[in-house]
Amino acid sequence: MALIVEAVDLKKTYMLGKIPVEALRGVNLKIESGDFLAILGPSGSGKSTMLNLIGALDKPTAGTLLIDGVDVSTLNDNQLSDLRRRVGFVFQFFNLIPRLTARDNVELSLSIADIGKAERKKRAEELLETVGLKDRIKHKPAELSGGQQQRVAIARALANNPRFLLLDEPTGNIDSKTAREIMRLVKRLNTEKGVTIIMVTHDQQLAKEAKRTVQMFDGVITSDVVN
Ligand SMILES: Nc1ncnc2c1ncn2[C@@H]1O[C@H](COP(=O)(O)OP(=O)(O)O)[C@@H](O)[C@H]1O
Ligand SMILES: [Mg+2]
C-alpha cells in the first residue's frame, strides 16, 4: 500500500494577536492509500487544524508533512492549490449553494478544463446516484433533508476523483439514525470504491466503524488503534 500522508513531529501555532496558540504540538501520523481513519477528540484538540493541513488549506509551522511523498513546505501557492483540487472536503454545515439544484451544486465542482457541459451534467448525475440520490437531482437544498444535503456535499467532494476525502464532523448537524446512514455511505465509498477517508467525529460508536480510530488531545495523538 502506498503512503499518501506522512506527518512527522508536525506543529501548527496560530497567532491570536500577539498570543501564540499551539493547535498541533508534534503530530506523527501515517496514512496509506485505502485507509479509513476516524479522528476523535474534545473540542479544541486540533482535529480541524490537522484536516486543514492534510488538505493543503493551511501550512504547518514546523515539522514535516508529506502528501504523496511531497513535502508541502516546498510548494508554492500554485502547487498548493493544485494539491487542494485533489482533495474532497465535507463539512458539518453542508455549505451547498441554496439557489442551485443538487445536480448543479455537484456540477459546479467538476473542473471545467477538460470536459464539456453535457458530460459534466452526466457525471454529476452519476455521482448523485453513487450517494443514493438518483431521484433528487433537481431538488434544491431547502427541498432536501439534512442527511440528503450531506449526501450532495459528499457527491460534490468526490467530483474530481480526489486522492482522499476529508470529513470534518459530517454528522454533527444531523440526527443519529441519519448519521449512521451517512457512515454506511462513507464506509461503502471506502470498501467498494477504494476512497481513502479521514473523518473527524464526536461519536464513539461511529468511530468504531472506521478501520482506524485516532484519538487527539491537546494538539497531539494519544492513541491510534486498528478496529
Ligand atoms: N485561525 C485560528 N486562529 C487562532 N487560533 C485558532 C485558529 N484555529 C484554531 N485555533 C485554536 O487552535 C486550537 C485547535 O483548534 P481546532 O483544530 O479547530 O480544534 P478541534 O477541531 O479539535 O475543535 C484551539 O485552541 C483553537 O481555538
Ligand atoms: Mg473542529
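Here's the yes/no breakdown for (1) within 16 Å of ligand 1 (Cβ to nearest atom); (2) surrounded by fewer than 21 Cβ atoms within 10 Å (Cβ to Cβ); (3) not polar (S, T, N, Q):
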residue	(1), (2), (3)
GLU32	no, yes, yes
LEU40	yes, no, yes
GLY46	yes, no, yes
ASN52	yes, yes, no
LEU57	yes, yes, yes
PRO60	yes, yes, yes
GLY69	no, yes, yes
SER73	no, yes, no
ASP82	no, yes, yes
Item to check | Condition check for LEU65: surrounded by 17 or more Cβ atoms within 10 Å (Cβ to Cβ) and either touching a helix residue (DSSP H, G or I) at 6+ places or on another chain (Cβ under 6 Å) or under 15 Å from LEU167 (Cβ atoms) (or both) | outcome: yes
Checklist entry - When you go through (1) within 13 Å of ligand 1 (Cβ to nearest atom); (2) surrounded by fewer than 22 Cβ atoms within 10 Å (Cβ to Cβ); (3) of a type outside the set (Lys, Arg) one by one for VAL8, which number turns out not to apply? => result (1)
Checklist entry - Which of the following residues is over 15 Å from LEU165 (Cβ atoms) and modelled with pLDDT under 95: LEU110, LEU57, LEU96? => result LEU110
Item to check | Flag for LEU75 being farther than 22 Å from ASP203 by Cα and not polar (S, T, N, Q) | outcome: yes
Checklist outcome for this item: Scanning region 8-49 for residues that are more than 15 Å from THR213 (Cα to Cα) and acidic (Asp, Glu), the one nearest to ligand 2 (Cβ to nearest atom) turns out to be GLU22
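The values are calculated or read from the model by the stated rules, or taken from the named source; none is laboratory data. The model shown is predicted, which means the values in this text are computed figures rather than measured ones. Ideal geometry is used to build each Cβ from the backbone, glycine not excepted, and the neighbour counts take in all protein chains shown.
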